[in-house]
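Here's the structure, in structure tokens; my notes come after.
The values are calculated or read from the model by the stated rules, or taken from the named source; none is laboratory data. Fair warning: this is a prediction, and the values are worked out from it, not measured in the lab. Cβ sites come from the backbone with ideal geometry, for glycine too, and all protein chains shown count toward neighbours. Just the protein is used for accessible areas: all its heavy atoms, side chains included, with ligands, DNA and RNA removed. Shrake-Rupley method; radii C 1.70, N 1.55, O 1.52, S 1.80 Å.
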Amino acid sequence: MDKPNRGNTIKIKLNGESQPFSEEPIKKEQESSNDSFTKVININEDFNDHDVLLETAAAKESIDESFDWIIPESAENDIQEYKVVSSQNQKKGGKKKTASFTTFSMKRNGGVLKSIIVTAVFAILIGTSFGVLMLKLVISENSKPAVTEPVVVGKGSDKGSEEATSGKGSSIVLGAQNAFIVQGGAFTTKDAATSAASQAKGKGLPAQTLSMSEKEYLFLGVADSIETAKALGAQYKADGFEEVFSKQIPIAEKTVSGITETEKSLLEAASGIFQQLSKVTSTAIVSGSISSEASKEVAGFGDQLSQSADKLKNEKVKNLNKELSSAVESVESFQEKKSKDSLVEAQQHLLNYLSIYYSL
């Protein structure tokens, strides 16, 4: 290859013949006057011929060094098959054993499988035994003959059944309440209280002693309120009995047992009857009269008390009914005779009732 001229002409020899080759720049059409620009190519003049020869020799050398790779052909049957043989020494006369995943997993999981099978067998045996036992128990119970109790025919009177139907053995709880009274004094002994009660009766007043809080009290009258009790005390003072004062006393809750249904009904109504009779009699002593409405109400109490009188068995209950009935009769007597002594008698019966009720 010859040296190139300084110009733009390069000579190339192909097969010993030189072929002229000239490089001329291709002119491009100007696109537009506004977008045109000038391209300038700078050629490095320091680039000498020796460098060109080195680069050409290197390219040629790289082409000469190439060679063809020869790959030997192999037959399809040349590939050999290898088998994995157990590393353990084989016993004499024994056969070769090949390792497999199935036998390995069976040996490893054999203990778990065995325990599951044993547990299932024991569960079946226990369940079967329990079922047979229960079946025998059911058969033995059904095979027993039925036992019938003999019917006992009662003989004699029917008093026991009458007492049972009447409600004997019932109980009642009487709620706490208050009583409004006119007090004539408090004493340390029973004899002193009894003597004072006799003196009060001698003066034409009702009187009743009652043991409370380790003392003996003398009561001269009862009322339905503290105002009525004060008015009754003022009336007693006007009659000449000055040592009186009015107050309220509490009566605690009481439970009465061993009574019949009739007695129970009477005790339920007795407190209301007592309150109304106390109001009627105390007001009548102060005013000197009883209204017609109050008279009708008192007559109704008399009918109610008389109907249950013959059916009462408890002595205290019978005494309570007796005192209330006597108070009703005294009020009715006052309505006929207009005598103040009848009202005093009615108050006396009510004081007796209070003493019995307190001792229940």
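To the nearest 10 square angstrom, how much accessible area does K313 have with a 1.4 angstrom probe?
Result for K313: roughly 150 Å² accessible.
Could you look at region 286-360 and say what percent of its accessible area is carbon and sulfur, using a 1.4 Å probe and all protein chains?
On the way: 1790 of 3910 Å².
After summing per-atom areas, the C and S share lands at 46 percent.
Whole-Hz ³J(HN,Hα) for each residue in region 323-338, computed from phi via Karplus 6.51 cos²θ - 1.76 cosθ + 1.60 with θ = phi - 60°, x for glycine and proline: what do you get?
Values per residue, Gly and Pro as x: 5, 5, 5, 5, 5, 5, 5, 5, 5, 5, 5, 4, 5, 7, 9, 6 Hz.
Solvent-accessible area per residue for region 222-356 at a 1.4 Å probe radius, Å²?
Here the per-residue accessible area is 49 Å².
In region 170-207, which trypsin sites (Lys or Arg not before Pro) fall in coil by DSSP and have 16 or fewer other Cβ atoms within 10 Å?
Passing both the DSSP loop test and the Cβ count: K203.
Search the structure for amide H atoms under 5 Å from the amide H of F245, placed 1.01 Å from N in the peptide plane, and list their residues when 5 or more places away or on another chain.
Q183
Keeping all protein chains in place and using 1.4 angstrom, which order do E332, E345 fall into by accessible surface area, from largest down?
E345, E332
All other residues with a Cβ under 14 Å from the Cβ of K215 taken together, and with Lys, Arg as +1 and Asp, Glu as -1, what is their net charge?
Overall, the nearby charge balance is -1.
Using a 1.4 Å probe on the protein heavy atoms only, what accessible surface does V317 show? Give it in Å² to the nearest 10.
Here the residue's solvent-accessible area equals roughly 0 Å².
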